[in-house]
1. Would you check which residues across region 51-77 are of a type in the set (S, T, Y) and surrounded by fewer than 10 Cβ atoms within 10 Å (Cβ to Cβ) and list them?
2. When you scan region 111-141, how many residues do you find that are surrounded by fewer than 17 Cβ atoms within 10 Å (Cβ to Cβ) and either within 19 Å of N64 (Cβ to Cβ) or charged (D, E, K, R) (or both)?
3. Please verify whether I24 is more than 19 Å from the chain's Cα centre (by Cα) and without any contact (Cβ under 8 Å) to a residue 12 or more places away in the chain, treating the condition exactly as stated.
Amino acid sequence: MIQAQIERIDKLEQQHILPKEELITLLDGQNEALSAYLFSRADAVRRVNYGTDVYVRGLIEFTNYCRNDCYYCGIRRSNTRSDRYRLTEDQILSCCQNGYELGFRTFVLQGGEDPWDSDDKICAVVSRIRSSYPDCAVTLSIGEKSEES
């Protein structure tokens, strides 16, 4: 039984997929030794694809206004209990300065789909971050945008 499970793990590693029945059998038949083997194989795949470096990103929640009303989300439009805020450009840059001093080299601007934050405003703050911290990356997590944006 253990050998069959090891073979399933090896097959999964090689083919990147298992038929549903085999996957269920693999998951249902786990024990400490098989879990250790599975995790070691997963770690080997991770090392090949991503190496061992760790990258830390500075997350800046710059607005919690959102035009959407996704029921699962705490900042949904209809949540009247949320204390709404928007950081100014200067406040965002202050967060970047603090993060830079702490060693962050990627800043993630994250917020709801806030109509207040036009493309021009987003571009302006990203430009300021890039000119102030040219060795840093900037990532946006601001919801859906049109292809033109």
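FYI, it's all coordinate maths here, none of it is from the lab. These numbers come from a predicted model, not from an experiment. Note that each Cβ is placed from the backbone with ideal geometry, even for glycine, and that neighbours are counted across all protein chains shown.
1. From region 51-77, those of a type in the set (S, T, Y) are 52, 55, 63, 65, 71-72; that's our starting set.
Of everything in region 51-77, those that are of a type in the set (S, T, Y) and surrounded by fewer than 10 Cβ atoms within 10 Å (Cβ to Cβ) turn out to be T52, Y55, Y71, Y72.
2. Of the residues in region 111-141, 12 are surrounded by fewer than 17 Cβ atoms within 10 Å (Cβ to Cβ) and either within 19 Å of N64 (Cβ to Cβ) or charged (D, E, K, R) (or both).
3. Numbers: more than 19 Å from the chain's Cα centre (by Cα): yes; without any contact (Cβ under 8 Å) to a residue 12 or more places away in the chain: yes.
Yes.
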